[in-house]
Amino acid sequence: MTGPNGSGAAVSGVRPPGGRLTVPDRAQRDDLAEFVGRAVRLDGAVVVRLRARPGADGDPAAVEAWAPTPFDALVTRAAPGEVTPGDVTVVGSDLLAALAVAGGVSGSVEPGTPVDDRWRGPLPPLRPDRRWLVVGEVPAAELGGLAERGVAAARAGDPSGRPSAALLDQVVLTVTDDDAGTEVRVPMRCVFALSGMGFVGGGADPEATVRVSTDGGWLRLDTHGGAVVRRRRAQLPWA
């Protein structure tokens, strides 16, 4: 288990309740609640990690919400605000209930009892100099079509429709920035995560685009509703 800010140190035990999540803008709270609700619909037992992001370069301080998906890809959304403690994991359904009950009345809620020991895996580290390199943009409709074909392939291979590991790891999209000499290969598991969260396909805006970026070690797919993030390579034991 990783510690605060994606470090390798384990978080032991469970913190007592009493944390606060503050998102002053009601529209931002509603958008955050929608994101959490989608993660809960995708996995009823999901946990959500809330991480404080300091302001920088004129941007206000923000709270990042992170959640795992059944496709071994993370989803995230940020909202201007604060969270204490600055890195805490809570049960998704508890956070959703808190935002639904008090989100429209107050900018501050108790997100739920911390369950830090239930978080697995690292996050992209918070660093003042951290920058995502935008490699290109892809029409959301194209990724929605890839998701539909992936679902059809999964059903053809298994009557239950459960995708195989080979299908999930299949690279279905390559985005290249020739000027920067950068290439990002997107596996089907990231496309399934986009679709499962409702970021593409279904009722998503067919005219929207998905921004593809990388910091070297991670790939990121940004949409209006949130982003899908995944490691580009396995973590070394000593990293």
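Numbers at a glance
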quantity	calculated
Test for L194: is it at pLDDT 95 or above and either within 13 Å of the chain's Cα centre (by Cα) or surrounded by fewer than 16 Cβ atoms within 10 Å (Cβ to Cβ) (or both)	yes
Yes/no for R29 being at pLDDT 90 or above, assigned to a helix (DSSP H, G or I), of a type in the set (K, R) and outside the structural domain of G226 (by TED's automatic domain parsing)	yes
Residue identified as part of a loop (DSSP other than H, G, I, E, B) and either surrounded by 13 or more Cβ atoms within 10 Å (Cβ to Cβ) or within 19 Å of the chain's Cα centre (by Cα) (or both) among P163, P159	P163
Given (1) closer than 19 Å to S213 by Cβ; (2) of a type in the set (V, I, T); (3) without any contact (Cβ under 8 Å) to a residue 12 or more places away in the chain, number of the condition V75 does not satisfy	(3)
Filter pass, G201 being out of contact with any Phe, Trp or Tyr (no Cβ under 8 Å at 6 or more places or on another chain) and either surrounded by 17 or more Cβ atoms within 10 Å (Cβ to Cβ) or at pLDDT 85 or above (or both)	yes
Subset tally (residues that are in contact with a helix residue (DSSP H, G or I) (Cβ under 9 Å, 6 or more places away or on another chain) and at pLDDT 50 or above) for the range 1-24	2
Selection count, the range 128-149, where residues are in a loop (DSSP other than H, G, I, E, B) and either of a type in the set (A, V, I, L, M, F, W, C) or within 18 Å of the chain's Cα centre (by Cα) (or both)	3
Among residues of the range 173-206, those that are more than 20 Å from A152 (Cα to Cα) and out of contact with any helix residue (DSSP H, G or I) (no Cβ under 8 Å at 6 or more places or on another chain), counted	12
Checking V135 against (1) buried (at least 18 other Cβ atoms within 10 Å of the Cβ); (2) closer than 20 Å to T69 by Cβ; (3) of a type in the set (A, V, I, L, M, F, W, C), the condition it does not meet	(2)
Enumeration of residues in the range 42-81 that are on the phi > 0 side of the Ramachandran plot and assigned to a strand (DSSP E or B)	none
Extreme residue, surrounded by the most Cβ atoms within 10 Å (Cβ to Cβ), among residues of the range 35-54 that are touching an Asp or Glu at 6+ places or on another chain (Cβ under 7 Å) and not hydrophobic (A, V, I, L, M, F, W, C)	R51
Residue check for P187: under 19 Å from the mean Cα position of the chain (by Cα), closer than 20 Å to T214 by Cβ, in contact (Cβ under 8 Å) with a residue 40 or more places away in the chain and assigned by TED's automatic domain parsing to the domain that holds G198	yes
Pair list, Cβ under 7 Å, 6 or more apart: the range 107-119 residue touching a residue at least 12 places away in the same chain (Cβ under 8 Å), other residue in a loop (DSSP other than H, G, I, E, B) and basic (K, R)	P114/R15; D116/R15
Inter-residue pairs, beta-carbon under 6 Å, first within 12 Å of V184 (Cβ to Cβ) and in the range 204-226, second charged (D, E, K, R) and part of a strand (DSSP E or B), 6+ apart	R211/E137; R211/D222; S213/R220; W218/R231; L219/R230
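For (1) assigned by TED's automatic domain parsing to the domain that holds A180; (2) in contact with a Lys or Arg (Cβ under 9 Å, 6 or more places away or on another chain), each residue gets a yes or a no:
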position	(1), (2)
T69	no, yes
E82	no, yes
P85	no, yes
A98	no, no
G107	no, yes
G112	no, no
A141	yes, no
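The values are calculated or read from the model by the stated rules, or taken from the named source; none is laboratory data. Every value quoted in this text rests on a predicted model; they were computed, and no experiment measured them. For neighbour counting, all protein chains shown are included, and Cβ atoms are generated from backbone atoms with ideal geometry for every residue, glycine included.
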